[in-house]
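Worksheet: one structure, shown below.
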Amino acid sequence: MRVRVVLVEPEHDGNIGLVARSMKNFGFNDLWLINPKVNLGLEAKALASKAQDLLSNVKVVENLEDALEDCDYVVATTATVGRSPSNLNRAHVTLREFSRKIYRLNTKVAVLFGRESRGLTNDEISRCDLVVHIPTDPAYKTLNMAAAASITLYEISVARQTQGKFEYASWKMRQRLLNVFEELSKEVGLPPHRIRLAKKALRNVISRGPSSRREVSLILGTLRRATDKLKTR
């Protein structure tokens, strides 16, 4: 399993340095920054310690799509846990559950860490396959970005040592499936609000467990054929 660490609009260069150091500790080297609010200054370099090479090779992009384009599975980290059973946004799992879930994947996984001040937006979370939270004391739930990254990378490093091989459907492939499903839903006359709910439900289903490339390809082909058939009636 290959892991990309993505920091969304980081606000303190020291945290970037600490994340780089944790990545080096646990054997990761793919660090991306989305629209950072600070430059990599002396504090980042000092706190990175012997992970200076990661800072030198960091990728900086303007938006989420650029950071995730070649990734297969996308994970959001958050301190907020959804509790309503009627909420079709992302299901939340603990970090330990996540590590058990992905141990088989032989693929590229992007892990997103949000802004220090307000985390990830709902829109950003909606584009991810899974939301992971680290259980903490309810009296003070929020972890510092660098601490959250360090704990997360440790758990992933343990899971990575036991991984098997699994040809996973890429993030882009699953997005195509969702788009074709939406197109088909419009063709059969579903109202917009039902389409939105159904699309969220399908996204949750295909993200709940590892979906193989073959499985998604078969479903995608079937939906495309049905859509084309309806268009030519």
**Prompt:** Can you name the condition, by its number, that residue 158 falls short on among (1) surrounded by 15 or more Cβ atoms within 10 Å (Cβ to Cβ); (2) under 26 Å from residue 2 (Cα atoms); (3) not acidic (Asp, Glu)?
**Reply:** (1)
**Request:** Go through the stretch 98-141 and give me each residue that's in contact with a His (Cβ under 7 Å, 6 or more places away or on another chain) and either modelled with pLDDT under 90 or under 11 Å from residue 79 (Cβ atoms) (or both).
**Result:** 131, 133
**Message:** I need a count of the residues in the stretch 142-188 that are over 27 Å from residue 120 (Cβ atoms) and at pLDDT below 90.
**Reply:** 5
**Message:** Tell me whether the stretch 106-121 contains one or more residues that are among the aromatic types (Phe, Trp, Tyr) and part of a helix (DSSP H, G or I).
**Reply:** no
**Request:** Sort through 150, 185 and tell me the only one that's crowded, with 18+ Cβ neighbours inside 10 Å, assigned by TED's automatic domain parsing to the domain that holds residue 108 and in a helix (DSSP H, G or I).
**Result:** 150
**Search result, residues across the stretch 22-43 that are more than 17 Å from residue 154 (Cα to Cα), among the polar types (S, T, N, Q) and touching a helix residue (DSSP H, G or I) at 6+ places or on another chain (Cβ under 8 Å)** = 39
**Message:** Quick check on my filter: what residues within the stretch 207-233 are touching a residue at least 60 places away in the same chain (Cβ under 8 Å) and in a helix (DSSP H, G or I)?
**Reply:** 207, 208
**Item:** One residue from 19, 93 being of a type in the set (Val, Ile, Thr), at pLDDT 95 or above and either closer than 21 Å to residue 159 by Cβ or not assigned by TED's automatic domain parsing to the domain that holds residue 203 (or both)
**Value:** 19
**Request:** Would you point out the residue of the stretch 42-59, among those that are over 25 Å from residue 161 (Cα atoms) and among the basic types (Lys, Arg), that is nearest to the chain's Cα centre (by Cα)?
**Result:** 59
**Request:** Residue by residue through the stretch 5-41, note down the ones that are closer than 17 Å to residue 160 by Cβ, small (Gly, Ala, Ser) and in contact with a Leu (Cβ under 8 Å, 6 or more places away or on another chain).
**Result:** 22
**Asked** Looking at the stretch 38-59, is at least one residue under 20 Å from residue 127 (Cα atoms), crowded, with 19+ Cβ neighbours inside 10 Å and at pLDDT 80 or above?
**Response** no
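So is residue 69 more than 23 Å from residue 151 (Cβ to Cβ) and at pLDDT 95 or above or not?
Answer is no for this residue.
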**Asked** Does any residue in the stretch 152-167 that is small (Gly, Ala, Ser) come within less than 7 Å, Cβ to Cβ, of a residue that is at pLDDT 75 or above and in a helix (DSSP H, G or I) six or more places away or on a different chain, and which pairs are these?
**Response** 159/99
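The values are calculated or read from the model by the stated rules, or taken from the named source; none is laboratory data. As the structure is a computational prediction, the values presented were derived from the model and not from experiment. Using ideal geometry, Cβ is built from the backbone for each residue, glycine included, and neighbour counts are taken over all protein chains shown.
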